[in-house]
Amino acid sequence: MNQKLDNLITVLDAGSSKSVVLVAELHDGVLRYRGHGVEASRGMRKGLISELGPAAEAINKAALTAERTAKAAIETCVVGIGGTHVKGINSRGGISMGSRMREITREEVRAAVDRARQIALPPDREVLHLLPQEFILDDQAGIHDPIGMVGNKLEVNLHLSTCSGGVAQSVVTCANRAGLEVEDTVFEGIAAAEAVLSADERELGVCIADIGASTTEIAVFFEGSIAHTAVLPIGGDHFTNDLAVGLHVSVEEAEYLKKTYGHCVVTSIPQLNEIEVGGNLFDQAGGHSPRLVRQRFLAEILEPRARELFTMLRDNLRQGGVLEALGAGVVLTGGGAMLAGLLDNAESLLRVSARIGSPVPLSKMPDELARPEYSAAIGMLLYTHRTQVRRASEEQGLRSKLKAIFAGSF
């Protein structure tokens, strides 16, 4: 019988193509892989849940597989949130502490953040993350942690990652139906960044693009802090569907041809290369004879879609005011990032360097998970662990402060 352990962290990445449940344990302060389950998603459309029953069933199967491999009961999880309903907003606010200078404590920081977050949001919007970009103390900008400093006016530039409350609740309800209690939610773009970006890249300025099946989640970091988040309505399935229509083949065969022979730069494919399509492997009814097509024809279909994706990304970054802040370039991750030629299109249209981002491996993690398609799930584990450590540190500090107060009363 599976035993429930208190030192486990479980995350759920319910994507359009697959549902992933990943379990890790905290061992001597280090995250260690414990188990995982992967199941083809059902009841999903364009990154959103369209049918709760089938979607919950797929999540439940992934969770049961994760329980078997982890040899432990799973009751709670942290869920990734993605989709075009996620939007980022920048805000600024602060507090004045009177004419006399005072030491900045955690309470003043919270008060400044609360003031900055008081912006009008539509009734259906919920805040996923409150992410301070920098603090300004008496007009001195660029401060990351003002606690312990002295001043009389504290302001903060804040990034709010928001989502549709209804869509987020659907994901939570789906997880509940699958037998999982949701402890927290994380924007998948920020989670993926946790798994693939270095500290230097965050400092110099970098954009991570997590290319999923239906959407591309993006997050921009500059000077170590989050500067911009957004979601683009293009993902790997759009490339597959373009091939299915252009070649008159099934979606299953189009996916195989994309991964095996696809390229997003037409001139990279020799003109005389030919490939066979419509073979018996995918034509179960046997009604179509295999035929030869030029491999370049696939590239002629895929390249325009790639250019559309990165043109949309460029315009979004320009609108967000961060296009010129990418000193470390752009990092592509997610399952859709593996399509050949995408990096060339990214560098051509964004005019910066580009690389594929694979997640940092956890201790004892199988090699099959060290691929870009699992960046968001692994990043959720790292993000959750870091959040727990920070909260524990804050609670310890508060307990020490209260202990000192009470000790001084006697």
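Coordinate-derived values only; no laboratory data. Keep in mind the model is a prediction, meaning the values are calculated, not measured. Don't worry about glycine lacking a Cβ; one is built from the backbone with ideal geometry, like all the others, and counts go over all protein chains shown.
Quick look at the values:
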item	result
Segment ASN152-MET101, length gained on full extension (0.36 nm per residue, minus Cα span)	17.9 nm
Relative contact order, percent, the chain [alpha-carbon distance under 8 Å, six or more residues apart]	16
Dipole magnitude of the chain about its Cα centre (Cβ charges: Lys, Arg +1; Asp, Glu -1), debye to nearest 20	580
Surrounding net charge for ALA328, when Lys and Arg each add one and Asp and Glu each subtract one, Cβ distance under 10 Å	-1
Top positive-direction residue, dipole computed over the chain with Cβ charges, set LEU382, GLY246, GLN140	GLN140
Expected-Rg normalisation [2.2 N^0.38 Å, Cα atoms] applied to the stretch 87-162	1.12
Centroid-to-centroid separation of the stretch 159-234 and the stretch 1-77 [C-alpha atoms, Å]	18
Packing-based ranking, highest mean first, of 267-276, 73-82 given that Cβ atoms within 10 Å are counted	73-82, 267-276
Highest average packing first - 121-128, 349-356, Cβ atoms within 10 Å	349-356, 121-128
Computed label-point distance, nm, for sites LEU130 and GLU75 using a 7 Å Cα→Cβ extension	3.0
Check: the stretch 87-162 dipole with +1 on Lys, Arg Cβ and -1 on Asp, Glu Cβ, in debye	160
Links that overshoot a 22 Å alpha carbon limit, given the list LYS71/LYS364; LYS46/LYS258; LYS18/LYS46; LYS87/LYS153	LYS87/LYS153
Distance in nm between pseudo-label sites at ARG177 and ASN241 (7 Å out along the Cβ direction from Cα)	2.3
Antiparallel DSSP beta bridges within the chain, as percent of all bridges there, nearest 5	75
